[in-house]
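A short write-up of the structure that comes next.
The values are calculated or read from the model by the stated rules, or taken from the named source; none is laboratory data. Source: prediction; values computed, not measured. Glycine also receives a Cβ, built like all others from the backbone with ideal geometry; neighbour counts cover every protein chain displayed. Ligands, DNA and RNA are excluded from the accessible area calculation, which covers all protein heavy atoms including side chains. Shrake-Rupley method; radii C 1.70, N 1.55, O 1.52, S 1.80 Å.
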Amino acid sequence: MSNPTDKAVEEFMSGLIHRNPAEEEFHQAVREVVQSVMPVVLDKKAYQDAQILERMTEPDRIVIFRVTWETDDGQLRANRAWRVQFNNAIGPYKGGLRFHPSVTQSILKFLGFEQVFKNSLTGLPMGGAKGGSNFNPKGKSEREVMRFCQSRMTELHRHSGKDTDIPAGDIGVGAREISYLFGQFKRLENGFTGVLTGKGLEFGGSLLRKEATGYGCVYFCENMFKHIDDSIEGKSVSISGSGNVAIYAAEKAIELGAKVVTLSDSGGFIYDQDGSDQDKLAFVKDLKEGKRGRISEYADKYSGAEFHAGQRPWGVPVDVALPCATQNEISVDEAQTLLDNGVKAVGEGANMPTVLDGAHLFTDAGILYGPAKAANAGGVAVSGLEQSQNSARLSWSREEVDERLQDIMKNIHERCVEFGETKDGMNYVNGSNVGGFIKVADAMLAHGAV
Ligand code: NDP
Ligand code: 2IT
């Protein structure tokens, strides 16, 4: 290994892996960042003296607790829950909660770590955190979900607060769960504060928070296209997932004149060769947000669409791919297939949806590759705007929030260009990692040994 940067990355990673055994997702997320920021660290002795990388990869704290709750037929159940408070150098801890049976500490550490850089990129004063539980909301009754959320908040409220840590949604945590969590927080604290974001509009939520991640992802793609004098208009788009992020990414892409041909869930994907439209999306919203149904029902309803059970959508030739389901949902082979089929842009609505070697393929091919911490930052950005509105005790119009969201996505793009464009071309991975890193690292330097 002749290159000093590569050598420093490997030395750092071997220590990190030793300290955090069997946390593969966390290793993956850290490796991607360290590959980008190591040249900056090697160039600045103050970062090395302050052990900046070692400190930024160690969460401030992790709270692990048991959540006991009762089923409708009176049986007791216990789940494990976490809150990973990763870094509060530039603002109170901020990040979502994930309820999914696959949740582990490694997954929440990777998500919390990513959130630190993402939140820094938004330009808003937010630190990074993530939490969640291996609880599976699927198949549970409304009352069971409510009892789980209440029991979870009974512990979590000690660690939350509008100036301490502000949770929000993620996979398996939407408006319903946030509402139950908020209700219990309010009751325990005897106070009405903006302690969660993604709240209902009736009790302190922000217009456009629901749409923000998906819309923001498409705005980021449009900024990438603009940078090469192109546009998403007229492009074919494949989207994975059919949850909060996927639905609103599809809505905005269609509104901007793109043709959305796929959606998916863990059961498979639908291919709609005619392209989806706002009416079909209204059906999906009702199916997923209301009835909690399966995406296969789209193909039952619309005869032009096919359902491919047990498969992901990346084999369909498209101009733009928007992975909006979960981590590591684009394998190396799938990344290669997308490239072979002529993909021009990939915008990551989900967190870390592409395996590391697949991400390298996208960057090396020189396509427009918008990594998650830049492309999906619109959700947490509007969460930040929800907090601002709560503090000011007012609410902005939909147009006002949308304008701010568009500005924030444009600024994030500019920051990526500032730190990622070289004579060899544009590298959004380096741009977002370095752009997010510097602000947090400098704040930590300023704070001294804490
Ligand atoms: P939802 O729970 O609303 O939807 C998740 C979607 O992804 C569902 O269609 C689900 O299918 C599918 N999915 C989840 N896990 C898997 C899996 N292991 N394999 C295949 N499909 C899966 O979550 P969101 O839309 O909120 O989140 C999607 C992604 O976006 C996540 O990576 C999240 O971290 C990220 N994100 C979310 C933000 C937000 O504001 N909500 C902000 C930024 C990023 P099924 O129903 O079958 O499980
Ligand atoms: O991954 C994410 O950025 C989120 N799930 C949203 C976090 C938030 O605090 O709105």
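Some observations on this one:
- Mean accessible surface per residue for the chain, computed with a 1.4 Å probe while every protein chain stays in place, in Å²: 40
- Cα gyration tensor shape of the range 1-62, rounded if a/c is under 1.5, else prolate or oblate by comparing a/b with b/c: oblate
- Relative intensity of the range 320-380 on a log10 scale, I(q)/I(0) at q = 0.16, 0.21 Å⁻¹, equals -0.41, -0.71, per a Debye sum over C-alpha point scatterers of equal strength in the absence of solvent.
- Two-site label geometry, Glu255 and Leu188: point separation in nm, points 7 Å out along Cα→Cβ: 3.6
- Of all beta bridges that DSSP places with both ends in the range 266-410, some 45 percent have antiparallel geometry.
- Principal axis analysis of the Cα atoms in the range 193-303 yields extents of 46, 40, 23 Å, listed in decreasing size.
- Within the accessible surface of the range 137-203, defined with a 1.4 Å probe on protein heavy atoms only, the carbon and sulfur portion equals 50 percent.
- Along each principal axis, taking the top coordinate minus the bottom one, the Cα set of the chain gives 61, 52, 43 Å in descending order.
- Loop trypsin sites (Lys or Arg not before Pro), the range 254-337, which have at most 14 other Cβ atoms in a 10 Å radius of their Cβ (DSSP): Lys291, Arg292
- FRET efficiency, His447 to Ala392 (Cβ-Cβ, R0 30 Å, nearest 0.05): 0.65
- Among Leu322, Pro125, Val450 - extreme Cα towards positive end, dipole of the chain, charges at beta-carbon: Val450
- Simple point charges give the picture: +1 on the Cβ of Lys and Arg, -1 on the Cβ of Asp and Glu, and for the range 92-182 a dipole about the Cα centre of about 140 debye.
- Among the trypsin sites (Lys or Arg not before Pro) found in the range 407-450, those both in a DSSP coil and sparsely packed, with 13 or fewer other Cβ atoms within 10 Å of their Cβ, are Lys423.
- Here the accessible area of the range 1-119 is 47 percent carbon and sulfur, with a 1.4 angstrom probe and all protein chains present.
- Column: log10 I(q)/I(0), Debye, Cα scatterers of the range 37-128, q = 0.20, 0.24 Å⁻¹: -1.00, -1.21
- Cα gyration tensor shape of the range 256-327, rounded if a/c is under 1.5, else prolate or oblate by comparing a/b with b/c: rounded
- Exposure check, 1.4 Å probe, all protein chains in place: Asp364 carries approximately 130 Å² of accessible surface.
- Gain on full extension, evaluated as 0.36 nm per residue between Val417 and Asp49 minus their Cα-Cα distance, stands at 129.6 nm.
- Projecting the Cα atoms of Gly347, Gly267, Ser331 onto the charge dipole of the chain (Cβ charges, centred on the Cα centre) puts Gly267 farthest toward the positive pole.
- Within the range 388-450, GluC sites (Glu not before Pro) in DSSP loop having at most 10 other beta-carbon neighbours inside 10 Å: none
- Rounded, prolate or oblate (a/c below 1.5 giving rounded, otherwise prolate when a/b exceeds b/c) for the range 370-450 by Cα gyration tensor: oblate
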